[in-house]
Amino acid sequence: MTPAESRDRTLPEGAERDTFAALVIRTDFADDASWKTVIEELQRPWGPSGEFPAHVHVIDAPAWSGATAEQVLAVAGDDDHLSVVFLADRHTMESPVRALLALTTFWEDEEDLDPVYYQELAASPGPREFRTVPTAVHEIHANLTLGNMDFAEFAEAASATPDQVLRPV
């Protein structure tokens, strides 16, 4: 990646993005048909009876091609209004359920924690990522934004499924 490409890896400012719009970044550009399927699923209404409209902010920019989770988090971690970001990576495009990678932007650096007060957290930090189907993105994002659930609860639910992919509740 050239220095110019890395500078193009930016996120819209919080004011440019609806707080309740889930942020999805495409990092794999090899399969446009799979990507189209992901977008169609992301645009479906959600909720128990499909009563909530889908709100999603998609970044479909070649500058993000091949970006790793760490590279995305290096940019997304600076956004105080963003608690989770979803990646459409190679795994997503190859997965039969188009499983996106959910990444928490809240992460404590273990080196900065006082071991006396944060011994348990430093010894076993919470999960940083899990896979989810596109139709569950809105539920995850809304509940994290409102503080109804935390990232670890969703990650635990994903890990309890046979394929390790979270589906709508």
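Bear in mind these aren't lab numbers, they're just calculated from the coordinates by the rules spelled out. Quick caveat, the model's predicted, so the values are computed rather than measured. Cβ atoms come from the backbone with ideal geometry, glycine included; neighbour counts cover every protein chain shown.
Values as computed for the structure displayed
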read-out: Environment charge at Ala33 (Cβ cut-off 14 Å; Lys +1, Arg +1, Asp -1, Glu -1); value: -3
read-out: Region 124-169 shape via C-alpha gyration tensor axes, a/c threshold 1.5; value: oblate
read-out: Summed side-chain charge close to Met93 - residues other than Met93 whose Cβ falls under 10 Å, Lys, Arg +1, Asp, Glu -1; value: -2
read-out: Cβ-defined net charge surrounding Arg167, 15 Å radius [Lys, Arg +1; Asp, Glu -1]; value: -2
read-out: Burial ranking of peptide ranges 129-140, 93-104 (average Cβ count within 10 Å, highest at the top); value: 129-140, 93-104
